[in-house]
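The values are calculated or read from the model by the stated rules, or taken from the named source; none is laboratory data. If you're wondering where the values come from, they're calculated on a predicted model, not measured in any experiment. Methodologically, a virtual Cβ is constructed for each residue, glycine included, from the backbone with ideal geometry; neighbour enumeration extends over all protein chains shown.
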Amino acid sequence: MTEAKLDHQLDQQQATIQRLMYLSPALLLQEQLSALTGTHFHQFREFKNDVEAYRKQLSGYFIPKVMNRATYHSFSVADVDHIPRYQAHAYVDYAWLSLPTGVALYALLITVLLVGGYGLLQRSTR
């Protein structure tokens, strides 16, 4: 399976999750917690894209040096300062996830369960 095909299938899966997550409290909670901990699919994809861009930078730097025999043998410690460096950053963009909506739905669900449970308790003790 090619990476493009896998990415397409993962995009479809995430689109389905985005449509259905408000029907399942467990799925909604899982989506929000994975986003808050930085392990969500969207955050991983951003990281993967950044790493791939960095890999291309490194290849663009080293491959010409390796292919040129003179450069290959003359590489020095001073050249190390010119090696591209990976710029790490936090992937905390939650634009794709509506945290306030999720929190409001959980608050509503808990309220309904508490009020309903209290009502059932009151009726059972009469």
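Run down Phe62, Phe44 and say which single residue is among the aromatic types (Phe, Trp, Tyr), at pLDDT 80 or above, assigned to a helix (DSSP H, G or I) and closer than 30 Å to Asp11 by Cβ.
Numbers: Phe62 fails: closer than 30 Å to Asp11 by Cβ.
Of Phe62, Phe44, the one residue that is among the aromatic types (Phe, Trp, Tyr), at pLDDT 80 or above, assigned to a helix (DSSP H, G or I) and closer than 30 Å to Asp11 by Cβ is Phe44.
Identify, by number, the condition in (1) farther than 30 Å from Leu36 by Cα; (2) surrounded by 10 or more Cβ atoms within 10 Å (Cβ to Cβ); (3) among the β-branched types (Val, Ile, Thr) that Val51 doesn't meet.
(1)
Consider Arg126 carefully, then state whether it is basic (Lys, Arg) and either in a helix (DSSP H, G or I) or at pLDDT 85 or above (or both). Walk me through it before giving the result.
Working: basic (Lys, Arg): yes; either in a helix (DSSP H, G or I) or at pLDDT 85 or above (or both): no.
No: the conditions fail for Arg126.
Residues are listed down the side, and each one gets a yes or a no for (1) among the basic types (Lys, Arg); (2) under 30 Å from Val112 (Cα atoms); (3) touching a Cys at 6+ places or on another chain (Cβ under 6 Å):
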| site | (1), (2), (3) |
| --- | --- |
| Leu6 | no, no, no |
| Gln9 | no, no, no |
| Thr16 | no, yes, no |
| Leu29 | no, yes, no |
| Glu46 | no, no, no |
| Val80 | no, no, no |
| Arg85 | yes, no, no |
| Tyr91 | no, no, no |
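Answer yes or no: is there a residue in region 36-52 that is more than 26 Å from the chain's Cα centre (by Cα) and aromatic (Phe, Trp, Tyr). Can you show your working first?
Initial filter on region 36-52 (more than 26 Å from the chain's Cα centre (by Cα)): none.
No, region 36-52 contains no residue that is more than 26 Å from the chain's Cα centre (by Cα) and aromatic (Phe, Trp, Tyr).
Give me the residue from region 65-84 that is of a type in the set (D, E, K, R) and surrounded by 10 or more Cβ atoms within 10 Å (Cβ to Cβ) and, out of that set, farthest from Leu10 (Cα to Cα). So that I can check it myself, show each step before the final result.
Applying the first criterion (of a type in the set (D, E, K, R)) to region 65-84 yields 65, 69, 79, 81.
Filter again for surrounded by 10 or more Cβ atoms within 10 Å (Cβ to Cβ), leaving 65, 79.
Details: Lys65: 37, Asp79: 41 Å.
So the residue we want is Asp79.
When you go through Tyr61, Tyr54 one by one, which is the residue that is free of Cβ contacts under 8 Å to residues at least 24 places away in the same chain and either in the same structural domain as His89 (by TED's automatic domain parsing) or more than 30 Å from Leu113 (Cβ to Cβ) (or both)?
Details: Tyr54 fails: free of Cβ contacts under 8 Å to residues at least 24 places away in the same chain.
Answer to the selection: Tyr61.
Among the candidates Ala35, Ala15, single out the residue that is of a type in the set (A, V, I, L, M), in contact (Cβ under 8 Å) with a residue 40 or more places away in the chain and surrounded by 10 or more Cβ atoms within 10 Å (Cβ to Cβ). Don't jump to the end; show me each part of the working.
On the way: Ala15 fails: in contact (Cβ under 8 Å) with a residue 40 or more places away in the chain.
One residue alone meets the criteria, Ala35.
Is there a residue in region 24-31 that is assigned by TED's automatic domain parsing to the domain that holds Leu109, under 21 Å from Ala104 (Cα atoms), over 14 Å from the mean Cα position of the chain (by Cα) and not aliphatic (A, V, I, L, M)? Quick ask: steps written out before the conclusion?
Of the residues in region 24-31, the ones assigned by TED's automatic domain parsing to the domain that holds Leu109 are 24-31.
Checking the rest, the ones that are also under 21 Å from Ala104 (Cα atoms) come to 24-31.
Adding the requirement that they be over 14 Å from the mean Cα position of the chain (by Cα) leaves 24-29.
Remaining after also requiring not aliphatic (A, V, I, L, M): 24-25.
Yes - at least one qualifying residue is present in region 24-31.
Would you say Leu6 is in a helix (DSSP H, G or I), assigned by TED's automatic domain parsing to the domain that holds Val112 and surrounded by 11 or more Cβ atoms within 10 Å (Cβ to Cβ)? Spell out the reasoning first.
Details: in a helix (DSSP H, G or I): yes; assigned by TED's automatic domain parsing to the domain that holds Val112: yes; surrounded by 11 or more Cβ atoms within 10 Å (Cβ to Cβ): no.
It is false that Leu6 is in a helix (DSSP H, G or I), assigned by TED's automatic domain parsing to the domain that holds Val112 and surrounded by 11 or more Cβ atoms within 10 Å (Cβ to Cβ).
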